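Heads up, the thing below is written out as structure tokens.
The values are calculated or read from the model by the stated rules, or taken from the named source; none is laboratory data. Note that this is a predicted model, so its numbers are computed, not measured. Every residue, glycine as well, gets a Cβ built from its backbone with ideal geometry; the counts of neighbours run over all protein chains shown. Quick note on the areas: whole protein, heavy atoms, side chains included, nothing else; ligands and nucleic acids left out. Shrake-Rupley method; radii C 1.70, N 1.55, O 1.52, S 1.80 Å.
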Amino acid sequence: MRIGEPTLDQLRIFLAVEEEGSFGGAAKRMGRAISAISYGIAQMEAQLGVTLFAREGSRKPSLTDAGQGLLTEARAVTDRVDALLAKTRSLHSGLESDVSLVVDVMVPGEVTARVLREFRTMFPTVALRLHVEALGAVAACLLEEEAELAVAGPVVADHPQLDRQAIGEVELIPVAAPGHPLAQAGTQPGESRKHLQLVLSDRSPLTKGREFSVLSPESWRLADLGAKHALLKEGIGWGNMPRHAVEDDLASGILVELDLPEKPGDGYVISALWRRDTKPGPATRWLIDALRNGLRPA
């Protein structure tokens with residue numbers, strides 16, 4: 001037996017009858033005559049060679065086993081077509097079809113998560129791709145056209161190929177385990193240089209040869225902020241961390257804030273960056289505003 005291809009309209013009729021529970025209800029919902037609904041179901045049944053609804057002995061049509069088996073696929077097809085049409089309407093209105101975002105690891109994760117959850121609600125037709133990087137690797141994603149928008153720190157914020165908008169600041173503080181020598185009162189100038197410093201490293205070549213708040217000649221370079229955090233809690237070295245990332249550790253005494261004469265902690269300015277040969281669209285501009293609001297001090 002040769003199986004035909006039902007039309008999209010027939011699939012919509014099939015779903016309307018199932019959801020409304022009657023041919024009359026489907027006709028009212030779709031603004032059709034009942035005879036048109038009945039004809040559409042009959043045509044779909046003829047195309048597929050199956051009976052979709054059991055009609056005899058009841059005023060209410062009920063799905064057959066075959067109809068029940070095809071229901072999920074029919075709904076999936078119409079959902080995908082609806083998504084395609086919604087995205088097409090968005091494109092005609094100037095909305096981006098997709099946005100690729102790269103976020104600095106220093107940005108509070110709860111801020112990023114909250115904004116992205118709201119983004120998916122606000123722009124259901126816009127596909128979002130997310131990268132999380134550190135230091136110059138954030139800007140590298142933009143320059144290599146792997147992302148359209150970056151939320152980055154000050155390391156390469158003034159790159160000549162990028163435009164930027166400052167949207168917030170993250171406080172960096174020097175920390176160590178409470179038993180570390182630098183955690184003792186009365187630390188003298190130069191003492192920090194005698195101890196292992198844990199430093200977040202840059203996986204991109206954009207900052208090659210540059211150092212950022214590195215005081216000790218003995219340092220371990222880590223590309224993962226989480227790994228740095230774990231080593232600090234184990235009492236291995238000292239280093240700068242975003243205050244929001246260690247607040248619980250400071251409160252519980254697992255880590256302590258160091259009072260170093262050199263004051264290596266600093267305000268880490270967060271900026272939205274994009275390439276100068278591009279123009280942020282409506283969804284991208286919404287992301288910038290939402291992230292700026294999320295980074296505002298409470």
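Observations on the structure shown:
- The numbered conditions (1) without any contact (Cβ under 8 Å) to a residue 24 or more places away in the chain; (2) open to solvent by 60 Å² or more (accessible area, probe 1.4 Å); (3) farther than 30 Å from residue 259 by Cα are all true for residue 88 except (2).
- Here residue 50 passes the criteria (1) part of a helix (DSSP H, G or I); (2) of a type outside the set (Asp, Glu); (3) under 23 Å from residue 2 (Cα atoms) except the one numbered (1).
- Against the numbered list (1) surrounded by fewer than 16 Cβ atoms within 10 Å (Cβ to Cβ); (2) part of a loop (DSSP other than H, G, I, E, B), residue 236 comes up short only at (1).
- Yes/no for residue 73 being open to solvent by 40 Å² or more (accessible area, probe 1.4 Å), in contact with a strand residue (DSSP E or B) (Cβ under 7 Å, 6 or more places away or on another chain) and not basic (Lys, Arg): no
- Filtered by the rule that a residue be assigned to a helix (DSSP H, G or I) and not polar (S, T, N, Q), region 98-120 gives 109, 110, 111, 113, 114, 115, 116, 117, 118, 119, 120.
- Answer from 198, 143 - the residue that is under 26 Å from residue 102 (Cα atoms) and over 23 Å from the mean Cα position of the chain (by Cα): 198
- Subset of region 219-256 [touching a residue at least 60 places away in the same chain (Cβ under 8 Å), in contact with a helix residue (DSSP H, G or I) (Cβ under 6 Å, 6 or more places away or on another chain) and aliphatic (A, V, I, L, M)]: 254, 255, 256
- Qualifying positions in region 211-233 - under 24 Å from the mean Cα position of the chain (by Cα) and either surrounded by fewer than 15 Cβ atoms within 10 Å (Cβ to Cβ) or assigned to a loop (DSSP other than H, G, I, E, B) (or both): 223, 224, 226, 227
- Scan of region 135-155 for residues that are open to solvent by 10 Å² or more (accessible area, probe 1.4 Å), assigned to a loop (DSSP other than H, G, I, E, B) and of a type in the set (A, V, I, L, M), ordered by number: 135, 155
A quick yes/no check of all residues on (1) outside any loop (DSSP other than H, G, I, E, B); (2) surrounded by 19 or more Cβ atoms within 10 Å (Cβ to Cβ); (3) modelled with pLDDT of 90 or more:
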site	(1), (2), (3)
4	no, no, no
10	yes, yes, yes
13	yes, yes, yes
26	yes, yes, yes
29	yes, no, no
32	no, no, yes
35	yes, no, yes
42	yes, no, yes
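- In region 265-298, the residues that are among the β-branched types (Val, Ile, Thr) and assigned to a strand (DSSP E or B): 269, 270
- Taken over region 265-298, the criterion of being of a type in the set (Phe, Trp, Tyr) and either over 21 Å from residue 134 (Cα atoms) or open to solvent by 30 Å² or more (accessible area, probe 1.4 Å) (or both) is satisfied by 274, 286.
- Whichever residue in region 246-264 is assigned to a loop (DSSP other than H, G, I, E, B) and under 22 Å from residue 110 (Cα atoms) and, among such residues, is least open to solvent (accessible area, probe 1.4 Å): 255
- Check on residue 103, crowded, with 17+ Cβ neighbours inside 10 Å, modelled with pLDDT of 90 or more and within 30 Å of residue 269 (Cβ to Cβ): yes
- Single unsatisfied condition, residue 166 versus (1) touching a Ser or Thr at 6+ places or on another chain (Cβ under 8 Å); (2) crowded, with 21+ Cβ neighbours inside 10 Å: (2)
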